Structure formats: structure tokens, C-alpha cells
1. Pick from 178, 44, 250 the residue whose mean-square fluctuation is largest in a GNM of the chain, springs joining Cα atoms under 10 Å.
2. Tell me, what ³J(HN,Hα) does each residue in the stretch 156-168 have, in order and in whole Hz, if you take phi through Karplus 6.51 cos²θ - 1.76 cosθ + 1.60 with θ = phi - 60° and put x for Gly and Pro?
3. Under the definition of Cα pairs under 8 Å and six or more residues apart, what whole-number percent is the relative contact order of the stretch 220-347?
4. Assuming R0 = 35 Å, can you tell me the calculated FRET efficiency for the pair residue 217 and residue 155, based on Cβ-Cβ distance, to the nearest 0.05?
5. What shape does the chain take by its C-alpha gyration tensor, where a ≥ b ≥ c are the square roots of the eigenvalues and a/c under 1.5 counts as rounded, a/b above b/c as prolate, and the rest as oblate?
6. Give the shape of the stretch 98-177 as rounded, prolate or oblate, defined through the alpha-carbon gyration tensor: a ≥ b ≥ c are the square roots of its eigenvalues, a/c under 1.5 means rounded, and otherwise the shape is prolate if a/b is larger than b/c and oblate if not.
7. Within 10 Å of each candidate Cβ there may be at most 13 other Cβ atoms; applying that plus a DSSP loop requirement, which GluC sites (Glu not before Pro) in the stretch 285-376 survive?
8. At a 10 Å Cβ-Cβ cut-off, how would you order 57, 86, fewest neighbours first?
Amino acid sequence: MISARNVATFIAVALFVRASYAQHRVVADRAIMDKTELPKAIAGPGAGKHNEKLEIVALFPDTMLAGVVTTREGRIFLSFPRWNPVEFSAAELTKAGTLEPVPNREQHQPVAGDKRLISIQGLDVDAKGRLWLLDAGNATLHCVDLASKQIIKSWRPSNETLGDSTYANDVRIDLRRGTDGFAFISDTAGAGVIVIDLATGQNWRRLSKSPSARIDETSDPRVEGAPLAMRGHTDGIALSPDGKTLYYHGLSRRALFSVSAAALAETNVTDEEVEATIKKIANKTSASDGIGCDAENRVYTTDYEDGAIRRWTPGAGEDQPGEIIIQDERLLWPDAVAIHGGYLYITTNQLNRGDKKTPPYGLFRVPVDAKGIGEK
């Protein structure tokens, strides 16, 4: 079993031991995608289930993808952590079906020196239309101006905040707080949420000792019928439309929680006062990776044990069953979700299969009766 303190090493091992680059091919031609044999779940709740509503957006024969985010105009951005060799770690999937590195190709190469983007995982787009990149390789947050294709500012939490072990996983930006906004970052290795005041750079950690944000030691997650060795603390996070609530869960805990974003962002309160605002949204049958929230304040979870995406309604009770948006044998470790234009976009990367993965990896979408936050 892999401990939480070693999860960063486990996930990011390719950062240092592989020097070559994958070709970074993408397949977006409809005729080719329809003829491609996709990997399917061999066991578990998703095995044998095939939903015609699940549409392939793009396939990736070489590189594992993780994050997905859309702008209000419908542009799609993806992250490719260096879990395997990659030429670049974040890119736009253009309407022409190509990958355009962001902010530019050079920023991902050794020539960039200490400004190199190492292993982008978490993504977000703020209310000003700027793209945010969270580098799990060095726990650094970058703000990208999409017009100029430049990083305009970067932040890295203090060593005191980062502690002995950190895997900076997911990020959400709220420009309504403070002078320049606040960033919320989940830490899958150290547990809890790292908060950054984007105006001052001041940063701190919350929820690190709360059981809700930590591994459930009694859980025994299973994917495709097999035990999952990997364990992790706080993983996916999402902000409510009004920014008052942060939803979160642990990679190794079958439950969904919320906490007051105002409490997280306040320095003059105790950890106990912050944790007093925690609410359990739902008990779940599956653990999850990434999560998202729509304009109606409904939360979507990537239920990797079940090969499914479920939707939850805060306030409907801890034992609500959750609405299955899609369950399909092709959703092999659904990682992240994004909503735009009446579709829910889903990335898959077979993270549970270790060295037995069978590409291609995929970006899918399914129709959904929802709008993304801020979408007109």
C-alpha cells in the first residue's frame, strides 16, 4: 500500500526518471475515433455498461491527461501531468482538433530554466477569463493571460505552509475575495486546503487534521474489481456559484463535504472554528477524484470505483442516492469534469491500472441539463 506521505512521489515519479518526450498525438477525427477500439472496464459496476450518449471528443494515444476546464466562450484546456513522458504539460484543444501548448511550448522545456512548467495538474478559469495552472511538480500556481500567451504572475506557498509532503492537486480561484482574489488548493499528500491571498501572497493551510479531508483508513477502494493500492487525502475541490462554499472530498473517502469559504479565507479564526462550518453533503458508494459544480449549485463527482459521474444536491440529505449522469465501461478512472454548452466534459486516464494501461486515453462528453458557473 502506498502511504499518503509518498503519494506525491508515486504520482510524479516520471518527473525525474524519464527524460524522453512522448509524441503527444491527439486524434479528433470523428471517423477515426468511431473506428478506434477503446479500453473497457473488465470488472466492477461499470463493466458491460455502454451508454450511447457518451461521445468521444478526442483521444490521446501517448499521454495521460488529467484536468479539463472550459472558458465561457467554450475553449477547452487540458493538463498532462508528467506521469509519463510529455512534451508539454498543459494545452488548448483547438476547434481544429490540435493541441496548442499554453502559455507556449518553450515554457514547458528545460530551456525555460527555473521558470519551466514541470507537471501541471489543476486548472481553473477566473471571472476575467484568465487561465490558472497549478504545477504539482513544485507546488506553484501560475496565472496565464490568454491574449498575450504569457504567465503574468506566479505564487508558491511558503515552506512552512507546504510542510514535509505536498501534492498540489486541484485549484479554484475566487476574485470576489480580498483585493485581487483568493486561491484554494487541495493537497493530496499533506491533507487539507492551502489558501493564498493573491494580493499579498500570504498563505496558510486549513483542514489538515479534519477526518473529512483525510484518508478513511477503514475504506477498501476497488476499481475494476481489484483493490486499489494508491491512497490520498484531499483531492477534488469546487466552489459554489456564489463563492460562499467550498466543496471537497478525499481521494480515499466515500463522502462529499463542504466548508465555509469565508472561514477558510479568514486568518483570525482557529482551525476548530473553521471545522465547525463543515457539512457532510452525501455518503457515497464510490470514492472520487475530481469534482465540479454547476450554475445551480449541484456538485458532480467522478466516481472512479463505479465508472460513473454522479450529481449531488447540497441540502438534500447525507443519504441522498445521487443522480447518475453517466455510467459506462469506457470511463476508466474518470479524473476531472467541466460544463459548457449543455455538455459535461470528462477526462479518463486509467490511473488505477499502473503499468498495465492500454491507451488511448480520452476526453468524453455527455449531454447534461446544466450550465457552467458564469456561462450565459
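What follows is calculated from the coordinates using simple rules that are stated; it is not laboratory data. Note that the structure is a prediction, hence the values are computed from the model and not measured. Heads up, the Cβs are rebuilt from the backbone with ideal geometry, glycines too, and the neighbour counts pull from every protein chain shown.
1. 178
2. 10, x, 5, 4, 4, 5, 5, x, 6, 8, 9, 10, 6
3. Details: 282 pairs, mean separation 24.2, N = 128.
The value is 19 percent.
4. Working: r = 33 Å, r/R0 = 0.94.
With R0 = 35 Å, the Cβ-Cβ based efficiency is 0.60.
5. On the way: a/c = 1.32, a/b = 1.10, b/c = 1.20.
Rounded shape, in that the Cα axes give a/c under 1.5.
6. Details: a/c = 1.91, a/b = 1.15, b/c = 1.66.
Oblate, because a/c is 1.5 or more while a/b does not exceed b/c.
7. Values: sites: 296, 305, 318, 323, 329, 375; in loops: 296, 305, 318, 329, 375.
Of the GluC sites (Glu not before Pro), the ones in loops of the stretch 285-376 whose Cβ has at most 13 other Cβ atoms within 10 Å are 296, 318.
8. Details: 57 18, 86 25.
With the sparsest Cβ surroundings first, the list reads 57, 86.
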